[in-house]
Amino acid sequence: MDIQKIMKKSIYKAKGGLIRIKIKGEDKIEKIVITGDFFFYPENELENLEKYLIGTKISEEEVYKSIKKFYKEKNIESPGLNPEDLTKAIILAK
Amino acid sequence: MRRMRFIDLGYVSLPMLHAIEEAIAMKGVPTFMLWIASPPTVSLGYFQSVEEEVDVEMCKELGIEISRRPSGGGAAYFDERELYYSIVAKHESGILPKEPIACFRKAGEGLINALKFFELEGALTGVNDIQVFGKKISGNAQTTMHDAKIQHGTFLVDFDMETMLKVLKIPKEKISDKGIKFVEERIITLKKALKREVSIEEAKKALIMGFKEALNVKFYNSELSTDERKIANEIVKKYMSKEWIFKR
């Protein structure tokens, strides 16, 4: 089966840029791809965030908690784009 | 006043430009560069998806390259009508602020100074755009590597709107209206703002003056070292690879 077709998608406009989400999973995140025209430092940590989110329950509270923790652990800086924006983008995917 | 190396790179391909920036970041000589993108290229931000942002078939048809930047931000169409700058400086040099927003502001100062040279009033909007008359005239991006900041951006002397519309897929979330009118309402060039021809040479002079003031340095003309060239010739393979360009 083409994985692209069974992935849920969303586009969310944050102050710092457009976030595009592709996500697989009903209850929990099985796979997630985050792309867009934002800034995220250090850059290579975005891929790690995608890995980190696997297994997270798809609820606003749980997703936010995971992202917030990741930001703190990795000292992420993403001007105009905060964990709330990423959470909203993920929750909106359908 | 401290001295900073200035290099006029002339025409350069995007993969080679990013390889040069990386080589300079490694070697550590603080450098301000002006360059012109050739051949015409779609430049994608680090986190963007090729498939979502670019009409790949159209690029093939028109002979336009696709390239991915080491820095974030949005997709843009680059060709010889625009002028571009890059600043590479180790954090310890203190030339550019380490904090991303402050660094965008510093670069913004340089561009706003350059616009003053043309008696235009520029303003920094959002995170990384410079506007004149409420329309974008410069887009900017930055990244950090080898403990150095790479800050780069465009200065729209002139701009090929038709080609940009053909090769970029502009998300409907960003458009209220369609086509060329949409772009004309949002993007302005020096030529349009001044209602006259503006040469690349004139724009170069303005950027050199603007950034000299913003960075508080005195530029000395120079070239890449043999060592930097050698390193760049290796690194360029990464930026030309399919794995890099199509990584997202």
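For the reader, a short list of remarks on this structure follows.
- Phi angles across the range B:231-248 convert, under the Karplus curve 6.51 cos²θ - 1.76 cosθ + 1.60 with θ = phi - 60°, into 3J(HN,Hα) values of 5, 4, 5, 7, 4, 4, 4, 4, 5, 8, 6, 4, 4, 6, 5, 9, 5, 9 Hz, Gly and Pro given as x.
- For the range A:3-93, the Kirkwood hydrodynamic radius from C-alpha pairs, put into Stokes-Einstein at 25 °C and a viscosity of 0.890 mPa s, yields a diffusion coefficient of 191 µm² per second.
- Chain B - mean residue ellipticity at 222 nm from DSSP helices (-39,500 (n - 2.57) per run, n ≥ 4, rounded to 500): -11500 deg cm²/dmol
- Legend: mean number of C-beta atoms from other chains within 10 angstrom of residue C-beta atoms, peptide A:29-38, equals 5.
- Separation of the alpha carbons by more than 18 angstrom is noted, of B:Lys27/B:Lys230; B:Lys90/B:Lys237; B:Lys27/B:Lys242; B:Lys60/B:Lys238; A:Lys24/A:Lys68, for B:Lys90/B:Lys237; B:Lys27/B:Lys242; B:Lys60/B:Lys238; A:Lys24/A:Lys68.
- For peptides B:12-24, B:79-91, sequence by mean Cβ density within 10 Å, most packed first: B:12-24, B:79-91
- If you take the Cα centroid of the range B:1-34 and the Cα centroid of the range B:180-248, the two points sit 10 Å apart.
- Chain lengthening between B:Glu197 and B:Phe133 when straightened (0.36 nm per residue, less Cα-Cα): 21.2 nm
- For A:Ala14, the amide hydrogen comes within under 5 Å of the amide hydrogens of A:Ile19, counting only partners 5 or more places away or on other chains and with H modelled in the peptide plane.
- Peptide B:44-51 has a mean of 6 when you count, residue by residue, the C-beta atoms of other protein chains within 10 Å of its C-beta.
- Chain A, helix-only ellipticity at 222 nm - DSSP H runs n ≥ 4, -39,500 (n - 2.57), divided by all residues, nearest 500: -10500 deg cm²/dmol
- 5 angstrom amide H check on B:Ile66, placed H, neighbours 5+ away: B:Val42
- Normalised per residue, the volume of the convex hull around the Cα set of chain B (Å³): 118
- Using a probe of 1.4 Å, the accessible surface attributed to B:Arg229 totals some 110 Å² when neighbouring protein chains are kept in position.
- The mean number of Cβ atoms from other chains found within 10 Å of a Cβ in peptide B:73-83 is 1, as a whole number.
- Close amide-amide hydrogen proximity is noted between A:Ile58 and A:Lys28, A:Ile29, each under 5 Å apart and 5 or more residues distant or on a separate chain (H modeled in the peptide plane; Pro and chain starts excluded).
- Straight-line reach from A:Lys94: taking Cα to Cα under 15 Å and skipping same-chain neighbours fewer than 8 places apart, the aspartates and glutamates in range are A:Glu26, A:Asp27, A:Glu30, A:Glu60.
- In terms of the mean number of neighbouring beta-carbon atoms within 10 Å, the peptides A:29-36, B:107-114 order highest first as B:107-114, A:29-36.
- For the protein assembly as shown: rounded, prolate or oblate by the Cα gyration tensor [a/c cutoff 1.5]: prolate
- The phi-based Karplus calculation (6.51 cos²θ - 1.76 cosθ + 1.60; θ = phi - 60°) puts the 3J(HN,Hα) values of the range B:74-88 at x, 6, 9, 9, 10, 8, 6, 7, 10, 10, 10, 10, 9, 10, 10 Hz, whole numbers, x for Gly and Pro.
- Inter-centroid distance (Cα atoms) of the range B:100-144 relative to the range A:16-31, Å: 33
- Net lengthening on full extension, A:Glu62/A:Leu92 (0.36 nm per residue, minus Cα-Cα): 9.4 nm
- Here's the picture: charge each Lys and Arg Cβ at +1 and each Asp and Glu Cβ at -1 in the protein assembly as shown, and of A:Leu81, B:Phe32, B:Val167 the one pushed furthest to the positive end of that dipole is A:Leu81.
The values are calculated or read from the model by the stated rules, or taken from the named source; none is laboratory data. What you see is a predicted model; the values in this text were computed from it and never measured. FYI the Cβ positions are ideal-geometry reconstructions off the backbone, even for glycines, and counts take in every protein chain you see. Each accessible area value is taken on the protein alone, full model and side chains, heavy atoms only, with ligands, DNA and RNA left out. Shrake-Rupley method; radii C 1.70, N 1.55, O 1.52, S 1.80 Å.
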